[in-house]
Amino acid sequence: MAMNLAVSFTGLRFENPFLLASAPPTESESNITRAFDAGWGGVVTKTIGLHPVANVAGPKTKFLRATPESTQLSMKKRPGTALHSSWNWELISDKTLDWWVPRLGRIKQAYPSHVLVTSIMAGSGSDAELRHWQTLAKACQDEGADALELNLSCPHMDRPDMGSNIGKDPELVSVVTQAVKEVARVPVWAKLTPSTTDIVVEARGAFLGGADAISSTNTFPSLPLIDPETLEFEMNVDGLVSSGGLGGPAILPQAIAKMSQLTQAFPDHAFSGIGGIADFGHALNYFLLGCGTVQVCTAAMLDHAIGPNVLKQLLAGMRETMERHGWSSLEDFRGQRRDRVVVHSKIRRPEGEAYRGGYDAEGYAAAEAAAATEG
Ligand SMILES: Cc1cc2nc3c(=O)[nH]c(=O)nc-3n(C[C@H](O)[C@H](O)[C@H](O)COP(=O)(O)O)c2cc1C
């Protein structure tokens with residue numbers, strides 16, 4: 001049977017459904033062109049803004065590793081460890097829009113059939129800030145960007161009108177999306193934060209504003225761990241730390257929980273899945289829940305900066321899985337497990353004699369012990 005890895009997502013054709021997420025792998029022209037040469041279906045650029053950006057002194061990302069057969073979790077480099085997560089407090093691109101514009105144009109000229117999504121960010125506290133979104137959107141699409149991803153989710157912004165502070169407010173999500181949609185000639189994806197009670201609420205705001213897709217998720221707010229010997233945070237500047245973002249394997253189960261809520265609430269909308277993907281088995285979770293594309297960051301950062309081997313595994317895994325199940329395209333399996341996530345009371349209990357009123361359930365006292373206490 002003919003097998004087709006290409007997908008159509010928000011009206012755009014991707015050679016395959018695997019994208020590099022907005023982050024260091026897509027921070028420069030050379031990285032993006034290397035990513036296209038490696039065969040990524042698309043890239044989302046590092047987020048571009050209009051405000052001046054100055055990163056912290058010292059490393060912006062580190063990797064937390066677990067030691068097998070021990071309880072140790074540490075960022076310290078040591079042999080024989082397994083990746084637990086990435087932790088970063090990197091801001092958006094510290095390059096200006098003027099720096100990006102000619103590069104976006106050159107990339108699109110050299111790779112006209114590869115999908116270039118530009119990630120953009122501005123504030124939301126005034127009409128002037130909303131116009132900044134429009135300026136960014138117009139500049140990127142004029143250079144040939146195929147889609148725009150709105151960064152409504154950066155977890156380390158002090159400004160109350162930016163990043164995940166927009167993403168936590170469904171009305172602001174709507175207003176910003178609408179402002180961009182007013183000028184956009186290309187699809188608009190809204191990238192949401194996982195750091196809210198019910199992501200469906202913010203997604204509804206984005207769709208009401210006209211978003212063509214939701215990207216989920218950005219990193220989870222977190223701190224690096226404290227070194228028990230030095231009593232210092234493993235990542236700090238002059239002993240100080242600030243909330244940053246957790247990515248990588250540790251967030252996969254949490255990120256798919258968010259995605260499951262989204263795809264159930266909006267089964268007919270488009271979703272790009274992000275969080276903890278390093279191989280096709282991971283990506284499959286997102287596809288089976290209903291995503292049309294997925295994005296990778298941490299795993300690519302650790303694989304020659306743009307993930308050529310990660311991509312090879314994703315492509316080989318997709319081909320092998322499709323062959324095994326007799327699927328000819330992503331549409332044959334997209335969403336197949338979306339409806340398997342149900343409310344707790346819908347999960348079958350043991351019946352009749354086998355179920356003794358809950359007394360045998362974990363956390364309940366045995367009947368005799370309870371009687372003895374009462375007596
Ligand atoms: C160092 C670093 C920088 C990032 N910068 C951005 C950014 O500029 N814009 C954005 O939308 N997401 C940014 N992200 C978030 C990633 O795009 C992605 O959502 C997140 O890392 C989860 O995916 P992962 O588990 O594959 O890493 C960044 C992540 C890391 C680790």
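The values are calculated or read from the model by the stated rules, or taken from the named source; none is laboratory data. Just so it is clear, the structure is predicted and the values come from calculations on it, not from any experiment. FYI the Cβ positions are ideal-geometry reconstructions off the backbone, even for glycines, and counts take in every protein chain you see. In case anyone asks, the SASA skips ligands and DNA or RNA and just uses the protein heavy atoms, side chains included. Shrake-Rupley method; radii C 1.70, N 1.55, O 1.52, S 1.80 Å.
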Practice task
With a 10 Å radius around each residue's Cβ, average the other Cβ atoms per peptide and rank 133-145, 273-285, highest first.
Solution key: 273-285, 133-145
Problem - Among beta bridges that DSSP assigns inside the chain, antiparallel share in %, nearest 5 - result: 40
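Suppose a student asked you for the relative contact order of the chain, using Cα pairs under 8 Å spaced at least 6 residues apart; what percent would you report? Please list the in-between numbers first.
On the way: 774 pairs, mean separation 63.0, N = 375.
Relative contact order comes out at 17 percent.
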Handout entry: Most to least accessible of L252, L225, L150 (protein chains only, probe 1.4 Å)
Key = L225, L252, L150
Practice task
Could you run the Karplus curve 6.51 cos²θ - 1.76 cosθ + 1.60 with θ = phi - 60° over segment 155-165 and give me ³J(HN,Hα) per residue in whole Hz, x for Gly and Pro?
Solution key: x, 10, 10, 6, 5, x, 10, 9, x, 5, 5
Exercise for the section: Using label points projected 7 Å from each Cα along Cα→Cβ, tell me how many nm separate S243 and D198, to one decimal. Expected result: 2.1
Exercise for the section: Report, ordered by chain and residue number, the lysines lying within cross-link reach of K76, taken as a straight Cα distance under 20 Å and ignoring same-chain residues fewer than 8 apart. Expected result: K60, K62
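Give me the percent relative contact order of segment 1-51, please, defined on Cα pairs under 8 angstrom at least 6 residues apart. Intermediate values should be presented prior to the final figure.
Numbers: 63 pairs, mean separation 17.3, N = 51.
Computed over segment 1-51, the figure is 34 percent.
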Exercise for the section: Let me have the 222 nm mean residue ellipticity of the chain computed from DSSP H runs of 4+ only, each contributing -39500 (n - 2.57), with the sum over all residues rounded to the nearest 500. Expected result: -10000 deg cm²/dmol
Problem - Selected from G80, G42, G326 as most flexible by GNM, with the chain as the system and alpha-carbon contacts under 10 Å - result: G80
Practice task
Kindly rank 338-351, 57-70, 114-127, 94-107 from highest to lowest mean number of other beta carbons found within 10 Å of each residue.
Solution key: 114-127, 94-107, 57-70, 338-351
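Given a cut-off of under 8 Å on Cα pairs at least six residues apart, what relative contact order in percent is computed for segment 52-166?
Relative contact order here is 21 percent.
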Exercise for the section: Would you mind working out the magnitude of the charge dipole of segment 115-172 relative to its Cα centre, with +1 at each Lys and Arg C-beta and -1 at each Asp and Glu C-beta, to the nearest 20 Debye? Expected result: 60
Practice task
Please report how far the C-alpha centroid of segment 3-78 lies from that of segment 87-140, rounded to the nearest whole angstrom.
Solution key: 16
